Amino acid sequence: MAKRGHSKAKGLGAIFSEEEIDALTEARRRLTPFLATGNRDRIEDFFSFSEFETLVNQTGIWTPDRLEAYLDAKKIPPQNFFTQYPVFNGTRYRVVPEELQKILRGGASLVLNDIAAISDGLKALRSVIADNFGSKVESNLYYSQPGHQAFSVHFDTHDVFAFQVEGRKRWRVYQQAHRFPINHLAFLSGDIAKHEKAKGDVLMDFEMRRGDMIYLPAGYYHQAICTNSTSVHLSFSSIELIGLDVVSELFDRGVMNEFFRTPVPRSGDGQEDIEEYVRMLARNIEALVTSDKFVDDLKRKLKTFRHPTGQVSIRK
């Protein structure tokens with residue numbers, strides 16, 4: 001794919017106006033959705049419909065977990081359009097163009113997963129988000145056809161920046177199910193009927209057109225469906241460092257601390273021993289958290305939390 005003049009586009013100004021940046025900043029502060037409209041050329045220099053078509057036709061790079069097909073909220077079995085063939089060290093997959101074309105004629109939607117590093121333009125868009133919010137960012141692409149819906153109403157456990165690349169798509173955004181949900185069974189359990197009941201009232205009902213962008217904080221129920229044209233949109237997930245990540249860091253530090261490796265006391269009836277143990281546990285955790293080294297390491301982790309985006313140079 002041809003290189004474009006976006007390799008140094010790191011600031012939000014590369015894709016948003018000053019007014020939009022202010023509104024987006026306020027929306028992130030308040031944990032509310034934000035819709036940016038009107039700029040039809042917003043991501044023209046980063047990604048296009050023709051690039052999407054080129055990617056799909058690179059049939060040898062896709063695997064069933066990276067290229068998925070759906071029809072009316074049901075996943076199409078990958079064996080319907082993938083073939084397997086043996087190689088000396090295992091099995092490889094390859095898309096069968098004729099079979100993929102067949103399910104597309106039937107109205108299927110396509111999802112291209114984990115594509116943020118697959119082109120210069122997508123890498124540049126990822127960097128805009130990651131550099132400004134210090135987050136880990138990945139991207140999926142969604143291709144949908146008129147009258148068909150790939151996914152039922154749901155919420156995501158990460159912030160979403162969705163950009164309309166081509167066509168139109170109607171979105172409905174409902175109430176926020178959870179504040180700061182995470183990828184854990186406590187938030188991911190439940191069937192479609194449960195989500196339909198829990199989604200609440202419609203907060204936003206709008207049509208995304210080429211160049212439009214919707215920001216959705218994690219936890220907001222939403223659904224999208226094509227109306228009278230095909231649709232391609234890019235969705236960038238944004239995940240920031242959270243308290244549980246800090247707890248994981250404490251666990252790693254605790255491994256080298258004898259207290260945390262010591263069995264919990266079980267002598268006598270255990271009541272006084274347990275109460276004293278909890279007090280000692282709190283003191284040892286506090287000692288770890290308040291150490292200068294831990295604070296400095298946490299500051300460094302915040303600065304480097306985002307995915308690395310360096311280039312591999314073949315020429316010496």
Residues of region 68-91 classified as under 20 Å from CYS226 (Cα atoms), of a type in the set (A, V, I, L, M) and not in a loop (DSSP other than H, G, I, E, B), total: 2
Check on LEU55, under 19 Å from the mean Cα position of the chain (by Cα), within 27 Å of LYS136 (Cβ to Cβ) and open to solvent by less than 60 Å² (accessible area, probe 1.4 Å): no
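The rows are residues; the columns are (1) in contact with a strand residue (DSSP E or B) (Cβ under 8 Å, 6 or more places away or on another chain); (2) not β-branched (Val, Ile, Thr); (3) not in a helix (DSSP H, G or I).
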{"position": "GLN58", "(1), (2), (3)": "no, yes, yes"}
{"position": "PRO64", "(1), (2), (3)": "yes, yes, yes"}
{"position": "TYR93", "(1), (2), (3)": "yes, yes, yes"}
{"position": "GLU98", "(1), (2), (3)": "no, yes, no"}
{"position": "LEU110", "(1), (2), (3)": "yes, yes, yes"}
{"position": "ASP114", "(1), (2), (3)": "yes, yes, yes"}
{"position": "ALA130", "(1), (2), (3)": "yes, yes, no"}
{"position": "SER152", "(1), (2), (3)": "yes, yes, yes"}
{"position": "PHE163", "(1), (2), (3)": "yes, yes, yes"}
Scan of region 219-244 for residues that are within 19 Å of ALA108 (Cβ to Cβ) and not hydrophobic (A, V, I, L, M, F, W, C), ordered by number: GLN223, THR227, ASN228, SER229, THR230, SER231, HIS233, SER235
Evaluation of ILE225 against (1) closer than 25 Å to PHE294 by Cβ; (2) touching a Lys or Arg at 6+ places or on another chain (Cβ under 6 Å) (one fails), failing number: (1)
Within region 219-251, tally of residues that are within 27 Å of ARG30 (Cα to Cα) and either open to solvent by less than 40 Å² (accessible area, probe 1.4 Å) or not in a strand (DSSP E or B) (or both): 20
Scope region 62-81; condition in contact (Cβ under 8 Å) with a residue 60 or more places away in the chain and either more than 16 Å from ARG105 (Cα to Cα) or surrounded by 15 or more Cβ atoms within 10 Å (Cβ to Cβ) (or both); matching residues: TYR70, LEU71, ALA73
Residues located in region 107-134, provided they are surrounded by fewer than 21 Cβ atoms within 10 Å (Cβ to Cβ) and either in contact with a Cys (Cβ under 7 Å, 6 or more places away or on another chain) or of a type outside the set (A, V, I, L, M) (or both): GLY107, ASN113, ASP114, SER119, ASP120, LYS123, ASP131, ASN132, PHE133, GLY134
Some residue of region 25-34 being in contact (Cβ under 8 Å) with a residue 24 or more places away in the chain, surrounded by fewer than 16 Cβ atoms within 10 Å (Cβ to Cβ) and out of contact with any Pro (no Cβ under 8 Å at 6 or more places or on another chain): no
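Among the residues of region 258-302, what is the count of those that are of a type in the set (S, T, N, Q), farther than 29 Å from GLY134 by Cβ and modelled with pLDDT of 90 or more?
2
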Extreme residue, nearest to LEU125 (Cα to Cα), among residues of region 187-224 that are β-branched (Val, Ile, Thr) and modelled with pLDDT under 95: VAL202
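Go through region 151-177 residue by residue and tally those that are within 15 Å of the chain's Cα centre (by Cα) and open to solvent by less than 10 Å² (accessible area, probe 1.4 Å).
To start, the set of residues in region 151-177 that are within 15 Å of the chain's Cα centre (by Cα) comprises 154-163.
Of the ones still in play, those that are also open to solvent by less than 10 Å² (accessible area, probe 1.4 Å) are 160-163.
Residues that pass the stated criteria total 4.
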Pair list, Cβ under 6 Å, 6 or more apart: region 280-303 residue farther than 15 Å from LEU241 by Cα, other residue open to solvent by 50 Å² or more (accessible area, probe 1.4 Å): LEU288/ARG253
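The values are calculated or read from the model by the stated rules, or taken from the named source; none is laboratory data. Since the model is a prediction, treat every value here as computed from it, not as a measurement. Counting neighbours? That spans all protein chains shown, and the Cβs are built from the backbone with ideal geometry, glycine included. Just so you know, the surface numbers come from the protein's heavy atoms only, side chains and all, with ligands and any DNA or RNA stripped out. Shrake-Rupley method; radii C 1.70, N 1.55, O 1.52, S 1.80 Å.
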